[in-house]
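In what follows, a structure is listed as structure tokens, so that the remarks can point back to it.
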């Protein structure tokens, strides 16, 4: 960060904090709407306690709120000149030898491998604890990962 010449302006930080606050409110709306409207009457066999889900009408309202939040914060607070300077600063590997780039890629690949291995172990533990077949838990994990990439 010390090498960057264009640091975020106070207006940008304020917008980021507003987005964070908006996302926190949306999370609270999801949780509250699930508790108020989404209690499942018939809990599946093998589960104890209360079970909640997001009902479709509230899901539509929350989707609309998400769209409104994205629409409200769609514009950047930076000028065109600042964006060009940032793009120039992000060309880090253009000035580095190929060995540095390949070294960073190898370290990133090893980190991804270790994280994937720990995630597989976590999925196995969840499947054992919940009694859900490992294949189902794995598929749900993949779907959640895909949904995360869409947002």
For the residue 19, residue 90 Cβ pair and Förster radius 25 Å, calculated FRET efficiency rounded to 0.05 is 0.70
Exposure proxy order (Cβ contacts within 10 Å, fewest to most) of 94, 104
94, 104
For mean projected area of the Cα convex hull in nm² the list reads (i) 14.8; (ii) 13.5; (iii) 10.4; the calculated value is entry (ii)
Report, to the nearest 10°, how far helix 98-130 tilts away from the longest principal axis of the Cα atoms in the chain, using its own Cα long axis and a range of 0 to 90°.
10
Helix 80-89 versus the longest principal axis of the chain: what is the Cα-based angle in degrees, 0 to 90, to the nearest 10?
90
Extending each Cα 7 Å along its Cβ direction at residue 29 and residue 52, get the distance between those two points in nm, one decimal.
1.6
Acute angle (nearest 10 degrees) that the helix 134-150 long axis makes with the longest principal axis of the chain, alpha-carbon atoms
40
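No value in this document is a laboratory result; all are computed from the given coordinates. Since the structure is predicted, the reported quantities are computational estimates derived from the model, not experimental observations. Using ideal geometry, Cβ is built from the backbone for each residue, glycine included, and neighbour counts are taken over all protein chains shown.
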